[in-house]
1. Here are the criteria: (1) surrounded by 19 or more Cβ atoms within 10 Å (Cβ to Cβ); (2) part of a helix (DSSP H, G or I). Tell me which single one A:Glu45 does not satisfy.
2. Every residue in segment B:102-135 that is hydrophobic (A, V, I, L, M, F, W, C) and more than 24 Å from B:Leu244 (Cα to Cα), please.
3. Can A:Phe237 be described as under 17 Å from the mean Cα position of the chain (by Cα) and either aromatic (Phe, Trp, Tyr) or crowded, with 18+ Cβ neighbours inside 10 Å (or both)?
4. Testing B:Ala123 on (1) within 30 Å of A:Arg145 (Cα to Cα); (2) crowded, with 18+ Cβ neighbours inside 10 Å, one condition comes back false. Which one is that?
5. Suppose we keep only residues that are out of contact with any Lys or Arg (no Cβ under 7 Å at 6 or more places or on another chain) and either assigned to a loop (DSSP other than H, G, I, E, B) or within 26 Å of A:Pro121 (Cα to Cα) (or both) within segment A:29-38. Which one would you say is least open to solvent (accessible area, probe 1.4 Å)?
6. Which one is least open to solvent (accessible area, probe 1.4 Å), of the residues in segment A:137-166 that are charged (D, E, K, R) and closer than 20 Å to B:Ala169 by Cβ?
7. Kindly indicate whether any position in segment A:106-120 is away from chain B (no Cβ under 12 Å), of a type in the set (Ser, Thr, Tyr) and within 19 Å of A:Asn38 (Cα to Cα).
8. Looking at the structure I just gave you, is B:Asn196 touching an Asp or Glu at 6+ places or on another chain (Cβ under 9 Å), under 15 Å from B:Val20 (Cβ atoms) and among the polar types (S, T, N, Q)?
Number of protein chains: 2
Amino acid sequence: MAKVELYHWEPNANSGKPLVTLLEKGVEFVSHYTDLLNWDQHKPEYLAINPSGTIPTLIIDGVMLNESTEMGEYIDSYCDGPALRPADPVERQRMRWWGKWMDTYFGPSLSMTGWHAFVGPFARANKGEDELRAAIARIPLKERRDAWTMALFGTFPEDALAESRRRVAEGIAFVEAELGKSTWFAGQHYSLADINAFSNLYALPVSQPHIANSDNTPNLMRWLKRVYERPAIQTSFTYGRTQLAQRALDVMKTL
Amino acid sequence: MAKVELYHWEPNANSGKPLVTLLEKGVEFVSHYTDLLNWDQHKPEYLAINPSGTIPTLIIDGVMLNESTEMGEYIDSYCDGPALRPADPVERQRMRWWGKWMDTYFGPSLSMTGWHAFVGPFARANKGEDELRAAIARIPLKERRDAWTMALFGTFPEDALAESRRRVAEGIAFVEAELGKSTWFAGQHYSLADINAFSNLYALPVSQPHIANSDNTPNLMRWLKRVYERPAIQTSFTYGRTQLAQRALDVMKTL
């Protein structure tokens, strides 16, 4: 049996993908909660494992992985448990297409709005500027230093935020239309595409209630309900330690 | 045998990936040269095939694909010919890691510098502003309209260009270090990772000669030579119609 360790934050966005994938397959693993808001990911002991200082990190039989979408394919091919990649080549391609769309289009846009509204304000609460500057200085990648600086000091450019909000709104409309064509993201089978999508979309009914609601996006709401009902998803929220997990439970009640 | 049609521009960047993959596997296909600089990709007949108006588009037995990195896995699993994905799970994971890095980090940065220096100036040559504005108005995706506007009018923000140039330089140094550890990008086997990387990197010795040269990046230069020597790569350049293909031949002579 594979020896698996997962360093993760809350069960959402990037950390949610490998966490749910492991739970769906029934893979035993050691969970290391890594506090993004306390910059655990930039501490020397974490950088010794994953030099990029990003969360999550997956270690499987000594192999380190630090790209969350790609972790899914590795777990699915390497570990026992139900298949999470469709056998049909067209569905499998569709699964990967959604992964790419989430990673390069929708995800970064939703992420910027979330970092602006949530990660920045929470991480800077009760901390002085010197402490924040010192935390930023420890970040190994310049692009992550830049993102943290903008989040902590609320300086994402207004035009970039506006473009992100536009993409989020257009993206939700696109997802709604696509979910009118098939039960799951890739087609007829629940797959890594749904796990990745859920990690990004699960909170939309509370974070974007003016866009994601039963009048506007009935297909999305039905799909969210189907995914929320899965035991692996419900278990994944028990790995959370902030109000985000409670928020998920609140969303679930509204579906 | 699969019925394959490829709509592609020059054999580089995104178009180069499926073109080389098909040639490496010996798959018969119909080539449709699609002139990016003449905006063939925004014409109604093209949008009827690929509504996003991006190049390349691959049609295999009636299935349309419009994400070039993901095309590789589909071609490799669906078509006959030598395997281009390593059987070893760690190498296969590494192949995908590089695909992600190229698509989300290095590629967009290199692309911005190339659009600024080459695509914009070439596409706007001998055209009036009205013609350029009309061409932009026909682009279906707002993010592509924005990119074309900045390329055609030379208005990429200076700080964005500077950050792209920084990432290109850091990325080349990273590639150089990694190619000191293994013969090919994913490990011991030539794979889709090399095809994707080559499509992005093949012109560096002429486009970034101050960074990519035999003193600074000997591992990269040796890898480029190994890839350039492959018959499929040499054949791929015969599909080009602009000076880019000639530029590739010039690079090859210097290796």
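1. So A:Glu45 meets the others, but not (1).
2. Of all residues in segment B:102-135, those hydrophobic (A, V, I, L, M, F, W, C) come to B:102, B:106, B:110, B:112, B:115, B:117-119, B:122-123, B:125, B:132, B:134-135.
Matches in segment B:102-135: B:Ala134 only.
3. Values: under 17 Å from the mean Cα position of the chain (by Cα): yes; either aromatic (Phe, Trp, Tyr) or crowded, with 18+ Cβ neighbours inside 10 Å (or both): yes.
Yes, satisfied.
4. For B:Ala123, the exception is condition (1).
5. Here is the first cut: in segment A:29-38, the residues out of contact with any Lys or Arg (no Cβ under 7 Å at 6 or more places or on another chain) are A:29-32, A:34-38.
Subsequent filtering for residues that are either assigned to a loop (DSSP other than H, G, I, E, B) or within 26 Å of A:Pro121 (Cα to Cα) (or both) retains A:29, A:32, A:34-38.
Details: A:Phe29: 40, A:His32: 51, A:Thr34: 5, A:Asp35: 46, A:Leu36: 24, A:Leu37: 25, A:Asn38: 74 Å².
Result: A:Thr34.
6. As a first pass, look at segment A:137-166 and keep what is charged (D, E, K, R): A:138, A:142-146, A:158-159, A:163, A:165-166.
Applying the additional criterion that residues be closer than 20 Å to B:Ala169 by Cβ yields A:142-146.
Values: A:Lys142: 64, A:Glu143: 36, A:Arg144: 76, A:Arg145: 76, A:Asp146: 58 Å².
Result: A:Glu143.
7. Within segment A:106-120, one or more residues are away from chain B (no Cβ under 12 Å), of a type in the set (Ser, Thr, Tyr) and within 19 Å of A:Asn38 (Cα to Cα).
8. Numbers: touching an Asp or Glu at 6+ places or on another chain (Cβ under 9 Å): yes; under 15 Å from B:Val20 (Cβ atoms): yes; among the polar types (S, T, N, Q): yes.
Yes: the conditions hold for B:Asn196.
The values are calculated or read from the model by the stated rules, or taken from the named source; none is laboratory data. This one's a predicted model, so the numbers in the text were calculated from it and none came from an experiment. Please note: Cβ atoms are built from the backbone with ideal geometry, for glycine as well, and neighbour counts cover all protein chains shown. Surface areas here come from the heavy atoms of the whole protein model, side chains and all, with no ligands, DNA or RNA. Shrake-Rupley method; radii C 1.70, N 1.55, O 1.52, S 1.80 Å.
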